[in-house]
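Worksheet for the structure shown next.
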Amino acid sequence: MRKFIIFSTLILGVTVSQYFFDFTRPKYSEVPPMLLPTQTIKLADLGLHSAASGLMWIQTIQNIFAPGTKYYLMLSEYLKMVNDLDSRFSYPYAFGVLVLPDLKFIDEAIEIGERGLREADSDWRIPYYLATTYHIYKHDRTNAIKYFDIAIRTANVPDSVKRIALNYGAVSDIRQQTKQIWISIYETSGDEIVRERARLYILHYEYIELLERASNIYKQKTGDYPDSLDKLVSGRILKEIPKDPFGFEYMIDSRGRVSIKIN
């Protein structure tokens with residue numbers, strides 16, 4: 001009981017200090033939140049590592065994507081700290097595997113996911129998101145199949161996820177397959193950050209599909225695919241070229257296939 005009261009006081013203190021930090025800091029602060037060594041936190045949490053891990057996770061989600069900051073560059077370090085405090089807390093592993101690759105931490109994401117499979121409570125999202133990372137960012141079909149197979153055999157995996165995993169490779173259009181993976185993630189996640197990321201990817205692929213349908217109409221009218229997307233507007237097929245949700249610039253090839261420019 002004494003431990004609970006002391007730890008509750010600790011949580012209250014952290015919450016109050018966070019409130020005043022949020023209230024007094026500049027709107028667009030570049031100063032990252034302080035990272036305490038894991039051992040220091042363990043000494044202070046009176047043995048309640050799971051509670052400390054949960055509190056650290058809440059603080060991470062609140063701070064890491066604050067507008068105008070670069071806190072996200074520390075996400076892998078925060079996740080490691082959360083996992084060190086409670087290695088069985090499964091969701092931070094899954095979150096890291098899915099979100100870190102977009103921040104250019106692909107290998108770190110895979111390392112976190114593999115650790116989660118070894119140490120965390122069973123969670124189908126860890127192998128499923130690992131498979132997604134290998135498919136999208138590594139273009140590694142072998143490991144994607146490996147982790148999709150693990151996801152299928154994990155308890156409580158949703159039917160929609162199981163269907164995507166079982167049919168992986170059966171769809172010849174890789175882009176369409178990738179879109180279906182993101183749709184399954186959007187439909188099965190309760191995490192606002194994950195759902196928004198998935199929604200943007202779905203929109204990204206839908207815009208590409210829209211542009212390709214428009215280029216096919218252009219060819220039916222003129223006999224050739226447009227040599228630039230602007231002709232879809234000047235030809236009155238589209239009112240405007242949609243803006244990619246990630247800021248990429250679209251381009252079209254001689255076969256009417258739309259892709260993005262990689263700088």
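Rule-based calculations on the coordinates, nothing more; no lab input. Keep in mind that this is a model prediction, so the values were computed, not measured. Note that we place each Cβ from the backbone using ideal geometry, even for glycine, and neighbour counts take in every protein chain shown.
Tabulated data for the structure shown
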read-out: Relative packing of 155-162, 131-138, which averages over residues the other C-beta atoms within 10 Å, highest first; value: 131-138, 155-162
read-out: Linear extension gain, TYR137 paired with GLN176, 0.36 nm per residue minus alpha-carbon span; value: 12.5 nm
read-out: Proximal aspartates and glutamates relative to LYS243, as straight alpha-carbon distance under 18 Å, when same-chain residues fewer than 8 apart are discounted; value: GLU196, GLU206, GLU209, GLU212, ASP230
read-out: Out-of-range pairs (alpha-carbon distance over 22 Å; input LYS80/LYS146; LYS146/LYS179; LYS138/LYS179); value: LYS80/LYS146
read-out: Residues of type aspartates and glutamates that LYS162 reaches as a straight line, Cα spacing below 14 Å, ignoring anything fewer than 8 places off in the same chain; value: ASP123, ASP149, GLU187
read-out: Pairwise centroid distance, computed over Cα atoms, of the range 248-262 with the range 167-217, Å; value: 17 Å
read-out: Cα→Cβ-extended label distance, 7 Å offset, between ARG199 and ARG153, nm; value: 3.7 nm
read-out: Cα-based convex hull volume of the range 209-263 per residue, rounded to whole Å³; value: 74 Å³
